[in-house]
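J.: One structure, as C-alpha cells, below. Some questions next.
The values are calculated or read from the model by the stated rules, or taken from the named source; none is laboratory data. This structure is a prediction, so every number in the text was calculated from the model and none was measured. Cβ: placed from backbone, ideal geometry, glycine included. Neighbour counts: every protein chain shown.
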Ligand code: PBG
C-alpha cells in the first residue's frame, strides 16, 4: 500500500460530505434579474441574440415579475427600449416623468411594493448618438453629462426606484447623484455603482436589445481598458468615497480577478454583472449541443461568487431560480 497520509479525495467520497465541505452556494438571494421594457400593450419580442429573453410591455412585465417573485426572486433591474423618434442629443426622454420607464416603475411598485427595483442611469437608451454621455464635436463631455444623470436619477427615485445603477462611467457621477438624491429627500435610495465597467465586446446582444449601439466611435474614453486592474481600484476608491452602497464589476466572467481584488480591498458588497454576451455564448453553444448549458451556467455563476461577488446580475436569474426550486 502507498504511504499517503493526506487524501483530499476523502472529502469528495459522497454527496453528503461534498455538500458539507462546499464553500460557496448559489441561492436566489444572490440574483438580480435584468429585464427589458418596451412600449405598448401585450407586446413581447424575443431578443435574437439572447434566446429566452424578451422585451416586454409593462402589462407583461408585471406578469413576469409576479412569476419570478413566486420563484423567490426579489430584485429586478429594468432597461427601457425607447423608439428612435424619442431619442435626441440630450436624452430628454430620460427626464420625462410620464415616460415609459418611470410609469412602469410606478406600476410595478404599486402592484408589488415588496419587489426591489433597480434602475439604469446613463444616456444611451435615450441618446440619438448612442453614447452614455452628452456628445459635442465628437467628444463625450463629462461635466455636462453629470447634470442630466442627476436629474434622471431623481425622476427614477420619484417613480419608486429602490436602487439607482449609474452605468455611464462619467467621473464624479456617484457623488453628484448621491447629493441630488439626498437634497430631494431620497436618503434611503441606494446606489449600485457600475464601478469597474470595461469597454467590452460582451455587450453586443444588449445593444441589439435596446438598439443602443454608439452611432460613431466606441466607448473607450469612458469605459475601462480590459487590460487594467489598478484603474478598477481607483474607481472603487472614488465610488466608495462618493457614497456608493455596492461596487459592481462588469462584465463578470473575464474579470473574476477584478471582483476578487475589489472584494479583498473594500468593505462594501461587490456586485458582478454577468452580461448579455456571456449569456449568449452559453445559450448558443448549448443550442448546438456543444456544451451542457445548465451545468456551464451554474459553474460560471458559482465562479463569480467564489471570486467574491455577493450579488450577481444575470439573465439566467429566472432559470436558476426554477432549477433551485426543483
Ligand atoms: C449602457 C449599458 C450597457 C449595458 C448595461 N448598460 C452596454 C454598454 O455600455 O454599451 C450592458 C449589459 C449587458 O451587456 O448585458 N449604459
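J.: Look at region 230-256 and say how many of its residues are away from the ligand (no atom under 15 Å from the Cβ), in a loop (DSSP other than H, G, I, E, B) and in contact with a helix residue (DSSP H, G or I) (Cβ under 6 Å, 6 or more places away or on another chain).
T.: Residues flagged as away from the ligand (no atom under 15 Å from the Cβ), in a loop (DSSP other than H, G, I, E, B) and in contact with a helix residue (DSSP H, G or I) (Cβ under 6 Å, 6 or more places away or on another chain) within region 230-256 amount to 2.
J.: If you don't mind, another one. Looking at (1) closer than 20 Å to residue 304 by Cβ; (2) buried (at least 21 other Cβ atoms within 10 Å of the Cβ); (3) within 16 Å of the ligand (Cβ to nearest atom), can you tell me which one residue 30 breaks?
T.: Result: residue 30 fails condition (3) only.
J.: Filtering region 261-282 down to residues that are more than 13 Å from the ligand (Cβ to nearest atom), in contact (Cβ under 8 Å) with a residue 40 or more places away in the chain and surrounded by fewer than 23 Cβ atoms within 10 Å (Cβ to Cβ), which residue is farthest from residue 243 (Cα to Cα)?
T.: The residue in question is 264.
J.: OK, next. Out of all the residues in region 280-299, is one or more in a helix (DSSP H, G or I), at pLDDT 95 or above and closer than 14 Å to residue 249 by Cβ?
T.: Residues of region 280-299 that are in a helix (DSSP H, G or I), as a first pass: 280-287, 293-299.
Subsequent filtering for residues that are at pLDDT 95 or above retains 280-287, 293-299.
If we keep only those that are closer than 14 Å to residue 249 by Cβ too, we end up with none.
No, every residue in region 280-299 fails to be in a helix (DSSP H, G or I), at pLDDT 95 or above and closer than 14 Å to residue 249 by Cβ.
J.: Taking region 189-207 as the search range and keeping residues that are in a loop (DSSP other than H, G, I, E, B) and farther than 15 Å from residue 133 by Cβ, which one is farthest from the ligand (Cβ to nearest atom)?
T.: Filtering region 189-207 for residues in a loop (DSSP other than H, G, I, E, B) gives 189, 199-200.
Now drop any that are not farther than 15 Å from residue 133 by Cβ, which leaves 189, 200.
On the way: 189: 19, 200: 8 Å.
Of everything passing the filter in region 189-207, 189 is farthest from the ligand (Cβ to nearest atom).
J.: If residue 299 satisfies every condition in (1) in contact (Cβ under 8 Å) with a residue 40 or more places away in the chain; (2) on the phi < 0 side of the Ramachandran plot but one, which is the exception?
T.: Going through the list (1) in contact (Cβ under 8 Å) with a residue 40 or more places away in the chain; (2) on the phi < 0 side of the Ramachandran plot, residue 299 breaks only (1).
J.: Within region 208-229, work out how many residues are outside any loop (DSSP other than H, G, I, E, B) and either away from the ligand (no atom under 16 Å from the Cβ) or touching a residue at least 60 places away in the same chain (Cβ under 8 Å) (or both).
T.: Here is the first cut: in region 208-229, the residues outside any loop (DSSP other than H, G, I, E, B) are 208-210, 224.
Now drop any that are not either away from the ligand (no atom under 16 Å from the Cβ) or touching a residue at least 60 places away in the same chain (Cβ under 8 Å) (or both), which leaves 208-210.
Qualifying residue count for the region: 3.
J.: Still on this structure, I have one more. Looking at (1) surrounded by fewer than 23 Cβ atoms within 10 Å (Cβ to Cβ); (2) more than 24 Å from residue 168 (Cβ to Cβ); (3) in contact (Cβ under 8 Å) with a residue 60 or more places away in the chain, which is the only condition residue 286 fails?
T.: Of (1) surrounded by fewer than 23 Cβ atoms within 10 Å (Cβ to Cβ); (2) more than 24 Å from residue 168 (Cβ to Cβ); (3) in contact (Cβ under 8 Å) with a residue 60 or more places away in the chain, only one is false for residue 286: (3).
J.: Residue 186 versus (1) more than 15 Å from the ligand (Cβ to nearest atom); (2) in a helix (DSSP H, G or I); (3) farther than 27 Å from residue 255 by Cα: which is the lone unmet condition?
T.: It fails just one condition, (2).
J.: Next up: Given the conditions (1) more than 10 Å from the ligand (Cβ to nearest atom); (2) surrounded by fewer than 21 Cβ atoms within 10 Å (Cβ to Cβ); (3) more than 30 Å from residue 52 (Cβ to Cβ), which single one is not true for residue 160?
T.: Residue 160 satisfies all of (1) more than 10 Å from the ligand (Cβ to nearest atom); (2) surrounded by fewer than 21 Cβ atoms within 10 Å (Cβ to Cβ); (3) more than 30 Å from residue 52 (Cβ to Cβ) except (3).
J.: Which one of 263, 267, 225, 241 is under 20 Å from residue 207 (Cβ atoms) and more than 16 Å from the chain's Cα centre (by Cα)?
T.: Values: 263 fails: under 20 Å from residue 207 (Cβ atoms); 267 fails: under 20 Å from residue 207 (Cβ atoms); 241 fails: under 20 Å from residue 207 (Cβ atoms).
When all the criteria are applied, what remains is 225.
Conditions tested, residue by residue: (1) in a helix (DSSP H, G or I); (2) without any contact (Cβ under 8 Å) to a residue 12 or more places away in the chain; (3) over 20 Å from the mean Cα position of the chain (by Cα); (4) closer than 25 Å to residue 204 by Cβ.
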{"residue": "3", "(1), (2), (3), (4)": "no, yes, yes, no"}
{"residue": "11", "(1), (2), (3), (4)": "yes, yes, yes, no"}
{"residue": "24", "(1), (2), (3), (4)": "no, no, yes, no"}
{"residue": "36", "(1), (2), (3), (4)": "no, no, no, yes"}
{"residue": "45", "(1), (2), (3), (4)": "no, yes, yes, yes"}
{"residue": "54", "(1), (2), (3), (4)": "no, no, no, yes"}
{"residue": "72", "(1), (2), (3), (4)": "no, no, no, no"}
{"residue": "77", "(1), (2), (3), (4)": "no, no, no, yes"}
{"residue": "85", "(1), (2), (3), (4)": "yes, yes, yes, yes"}
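J.: Something else: Does residue 102 satisfy the condition of being away from the ligand (no atom under 16 Å from the Cβ), crowded, with 23+ Cβ neighbours inside 10 Å and more than 27 Å from residue 252 (Cβ to Cβ)? It would help to see each step written out before you state the result.
T.: Values: away from the ligand (no atom under 16 Å from the Cβ): yes; crowded, with 23+ Cβ neighbours inside 10 Å: yes; more than 27 Å from residue 252 (Cβ to Cβ): yes.
When the stated conditions are applied, residue 102 passes them.
J.: Return the residues of region 56-66 that are in contact with a helix residue (DSSP H, G or I) (Cβ under 7 Å, 6 or more places away or on another chain) and part of a strand (DSSP E or B); say none if nothing qualifies.
T.: Just the residues of region 56-66 that are in contact with a helix residue (DSSP H, G or I) (Cβ under 7 Å, 6 or more places away or on another chain), to begin with: 56, 58, 61-62, 65.
Listed by number, the list holds a single entry, 56.
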